[in-house]
1. Stokes-Einstein D for the stretch 124-278 at 20 °C, 1.002 mPa s, Kirkwood Rh over Cα pairs, in µm²/s?
2. How large is the accessible surface per residue of the chain, computed with a 1.4 Å probe and reported in Å² as a whole number?
3. Given the Cα atoms of the stretch 181-247, and with Rh set as the inverse mean 1/r over their pairs in the Kirkwood sense, what is Rg to Rh to two decimals?
4. Amide H of VAL32 versus every other amide H placed in the peptide plane: which residues, excluding those fewer than 5 positions away on the same chain, fall under 5 Å?
5. Could you pull out every residue, at least 5 positions away or on a different chain, whose amide H is within less than 5 Å of the one on ILE279? Hs are placed 1.01 Å off N in the peptide plane, and Pro or chain starts have none.
6. Given R₀ = 35 Å, FRET efficiency for ASP250-LYS228 by Cβ-Cβ distance, to 0.05?
7. Using the Karplus equation 6.51 cos²θ - 1.76 cosθ + 1.60 (θ = phi - 60°), what ³J(HN,Hα) coupling, rounded to whole Hz, does each residue of the stretch 57-73 give in order, writing x for Gly and Pro?
8. Give a residue-ordered list of calculated ³J(HN,Hα) values for the stretch 136-148 (Karplus: 6.51 cos²θ - 1.76 cosθ + 1.60, θ = phi - 60°; whole Hz; x for Gly, Pro).
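The values are calculated or read from the model by the stated rules, or taken from the named source; none is laboratory data. Predicted, not measured: the structure shown is a model, and the values here were computed from it. Neighbour counts are summed over all protein chains in view; Cβ atoms, including those assigned to glycine, are modelled from backbone coordinates with ideal geometry. To get the accessible areas, we keep the full protein, side chains included, count just its heavy atoms, and leave off ligands, DNA and RNA. Shrake-Rupley method; radii C 1.70, N 1.55, O 1.52, S 1.80 Å.
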Amino acid sequence: MKKNILVTGAFGQIGSELIAALEKRSGKSLVVAFDKRLDPNFKGISVIGDITDKELLRNIVIEHNIGTVYHLVSLLSAVGENNPELAWKVNMDGLRNILDLAREYDLKVFWPSSIAAFGKTTPRENTPQRTVLEPGTMYGVTKVAGELLCQYYFNKFGVDVRSVRYPGVISWKTLPGGGTTDYAVDIFWKAIETGEYVCFLKKDTALPMMYIDDAIRATLEIMDADPKKIAIRTSYNLAAVSFTPATLADAIRKAGVPLKIKYLPDFRQSIADSWPKSIDDKSARKDWKWKHQFDLDKMVKEMLRGVREMRAK
Ligand code: SER
């Protein structure tokens, strides 16, 4: 019997585009969207609820004959610092619920970790796959604990859970929700709307980033890979481009959009300062043949096109 797919955090920045990609290719499998709030524009099957409610999740798994879960629900770094207790509860209880159900109902699971798993004591240039993990945010703490939990469920119970450490994800269809890398999305909207942007990070703060299409493709490719190729069951480093706010502003100007930028760093600066500037993702490239397609200029072009399209709606 064909099994269906559940996406949690379905209407967030990554979920909304992942759902579209899954619907396009999943044939007759149904995609069930789960989130805490309804997206009135969503036409598919959705369930609204709390990710800490395990019995609700169990009912969804049974009722909709779920075989695969993309578990994306998470409080991100900046909102997590404003409410660390909630970040722990949502991020950790949510993941444990999904892993427990995966064990019980033999579900295959994708769960994203993040560059936030790294911290001040991690080498910041070309950060290796296996390195020091001492994050300074609650979000990062939940990512490290989550990675270990995934590995534990794989080793102990055979749960086929796969993970990547997403860099900052850049997209235009849905805004990111409360991360430190969000400036790299906001800047496009402001550049087109007003030609001016006030950046909450310093001009020379380099961070690893990725265009949404690459992030979605990585997610699908790691899930499609032969299980024997998935040698890392914590989470794979994943990289595409790295840039600073100043470099991004230059690339936007080069693409023909005039932009004045001011820098007013806030509490997110110290979060960014504790994260890598660039990532070594050779394990992903070797094990499941990861390859990014969007460099900085291609990403800027797509973002400008997409933001203009959204504004014209
Ligand atoms: N984009 C995330 C954040 O900034 C990093 O995973 O919190």
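1. Working: Rh = 17.0 Å.
D = 126 µm²/s.
2. Values: 13980 Å² over 313 residues.
Accessible area per residue, the chain: 45 Å².
3. Values: Rg = 16.1 Å, Rh = 14.3 Å.
Ratio value, two decimals: 1.13.
4. Sorted by chain and number, the residues that satisfy this are ILE5, LEU6, VAL7.
5. ASN126, THR127
6. Working: r = 44 Å, r/R0 = 1.25.
Calculated transfer efficiency: 0.20.
7. Running phi through 6.51 cos²θ - 1.76 cosθ + 1.60 with θ = phi - 60° gives 5, 4, 4, 5, 4, 6, 4, 9, 6, 7, x, 9, 10, 9, 9, 9, 4 Hz.
8. Listing the rounded values in order: x, 10, 5, 4, x, 4, 5, 6, 5, 4, x, 4, 5 Hz.
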